[in-house]
Structures are given as structure tokens and as C-alpha cells.
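Participant: Could you have a look at this structure, given as C-alpha cells, before my questions?
The values are calculated or read from the model by the stated rules, or taken from the named source; none is laboratory data. Nothing here was measured: the structure is a model prediction, and the numbers come from that model. So basically every Cβ, Gly included, is an ideal-geometry build from the backbone, and we count neighbours across all protein chains shown. Keep in mind that these areas ignore ligands, DNA and RNA; they rest on the heavy atoms of the full protein, side chains included. Shrake-Rupley method; radii C 1.70, N 1.55, O 1.52, S 1.80 Å.
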Amino acid sequence: MLNMDFNQSVSISTHRQGWVASPMPGVWRKPLAREDAEQGHATSIVRYDPGASFSSHEHPKGEEILVLQGVFSDQSGDYAAGTYFRNPEGFSHAPFSCEGCIILVKLHQFQPDDRAHLTVQTNTVSWVWTDSVLQRLDLHQNNDEQVFMLKSQADVELDLSNALKGLELFVIEGELFENQQLFSQGCWIRRPRAVHRYRLGPDTRVWIKVNHLY
């Protein structure tokens, strides 16, 4: 088990972690939270070397992926950096990457009634301006759980006070401040609830998930 007490705050700079080999040659991981080595709840950064592949498999309780670099592929298509997708329980695929890729992966974490199968290319869709310097892209909602992305043009305060059932953030680029603590590109943060002040620096993009831990 790793970081499976959701009442505890966790912060990890993934750039400082070493890669751990997976059961498949050329596929590497940086585990952030996991229930078991090869099954159950898991959140990881995963790297596919060029030409690497994984055998066909399903994902009980779903799979959620954000492509951070390169192109991730399976039999349903090719997904370039910036693609966010959700594969519900029952979906089967054999993923691979011709050129190599790095992805943020969350496994075994769908709510029981969540059957959404979706793909969003976040670099090409339209975002909504929430004020003069901040844009928001809503990705998914099921019951209280929400997944969205924010990007800023300048310093901006964030109101995350509605995250009373858990808060998770991943800094894709730029700088995020929690109170006065700096989290830069590649940082993953999980909190049991939003009790801090958050601020984005200029040219920052973050992936955020709220109200999903309890």
C-alpha cells in the first residue's frame, strides 16, 4: 500500500522520483498512490518507451488518463499530449506508443454509477473565461465528483472551497501556490479537503479533481 489513507495530505514532486519497471518491457511507472502492486486503486505517472506496448486488459472500476507528453495509442485511436479520457469498467484495450509518451493514470476509482466513456483533446477545445486572466475547462462530473482544468495568464487566486470531500491537483505547467508553498510543473497534490489558499502563477495549467475521496 502507498498513500491510501485519504485523511492524510500528500504532495509529490514527480520529477524527483525514479522510474520503476512495470511487468511489460519498456513501460515504466512513478507510483503516487496504490492499493496493490498490480491491482486495485492506483494513481501513477506512466512512461511508454518508443514502441512499447501493454497486453490487452480491462479495468475494473474504470481508467482515467491525461496524456502529458507524446502520443498514447490503442485500438480505438491515437491520443496526443493534452488528451483526457475515461474508460469505464468493461472497456478493454491493448495500449501502446509508437513514439513514446508520458501519461497521468488513475485506475479503479470510478463511482459505481459512473459509466461515462469520453475523450477530450484539451488543447483544441474551447475553454471558458471565468475572469480576465483565468480559463476553465470542465471535463467530467458525476454526483459531487468534478474533474476540470484551469489555465492562467497572470497571478490569480483560486476558490476551491467547495472541495469538502477531497481535492487532487496536478501541475501540468507553470506554478501553483498553496498558502505560500510553491508547487511547480510535475507536482501532484492530494488533500482530504480544501482548507488552504491557492494561487496560480502566470502561464500555469493545472488538472483538478474534487469531491471524490469519500
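Participant: Taking segment 121-131 as the region of interest, how many residues are within 18 Å of the chain's Cα centre (by Cα) and either part of a strand (DSSP E or B) or modelled with pLDDT under 95 (or both)?
Facilitator: 1
Participant: Considering only residues that are modelled with pLDDT of 95 or more, assigned to a loop (DSSP other than H, G, I, E, B) and out of contact with any strand residue (DSSP E or B) (no Cβ under 6 Å at 6 or more places or on another chain), which ones fall in segment 5-23?
Facilitator: If the condition is that a residue be modelled with pLDDT of 95 or more, assigned to a loop (DSSP other than H, G, I, E, B) and out of contact with any strand residue (DSSP E or B) (no Cβ under 6 Å at 6 or more places or on another chain), then D5, F6, N7, Q8, G18 are the ones that fit.
Participant: Which condition breaks for G174 when tested against (1) under 19 Å from the mean Cα position of the chain (by Cα); (2) closer than 23 Å to N3 by Cβ?
Facilitator: G174 satisfies every listed condition except (2).
Participant: Just need a number here: residues in segment 128-158 that are aromatic (F, W, Y) and in contact (Cβ under 8 Å) with a residue 60 or more places away in the chain.
Facilitator: Residues flagged as aromatic (F, W, Y) and in contact (Cβ under 8 Å) with a residue 60 or more places away in the chain within segment 128-158 amount to 1.
Participant: Here's another thing I want to ask about it. Within segment 84-95, identify whether any single residue is of a type in the set (S, T, Y), open to solvent by 60 Å² or more (accessible area, probe 1.4 Å) and over 22 Å from I12 (Cβ atoms), and answer yes or no.
Facilitator: no
Participant: Then there is this: Give Q17, Q69 a once-over and let me know the one that is of a type in the set (S, T, N, Q), closer than 26 Å to V171 by Cβ and open to solvent by less than 60 Å² (accessible area, probe 1.4 Å).
Facilitator: The conditions single out Q17.
Participant: Same structure again: Which of the residues that make up segment 139-158 are among the charged types (D, E, K, R) and under 16 Å from the mean Cα position of the chain (by Cα)?
Facilitator: Within segment 139-158, E145, K151 meet the criteria.
Participant: So for segment 138-147 (the condition being out of contact with any Leu (no Cβ under 9 Å at 6 or more places or on another chain), assigned to a loop (DSSP other than H, G, I, E, B) and within 25 Å of H41 (Cβ to Cβ)), does at least one residue qualify?
Facilitator: yes
Residues checked against (1) out of contact with any Leu (no Cβ under 6 Å at 6 or more places or on another chain); (2) touching a residue at least 60 places away in the same chain (Cβ under 8 Å); (3) farther than 24 Å from W207 by Cβ:
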site	(1), (2), (3)
H41	yes, yes, no
E58	yes, no, yes
K61	yes, no, no
S73	yes, no, no
A81	yes, no, no
R86	no, no, no
H93	yes, no, no
F96	yes, no, no
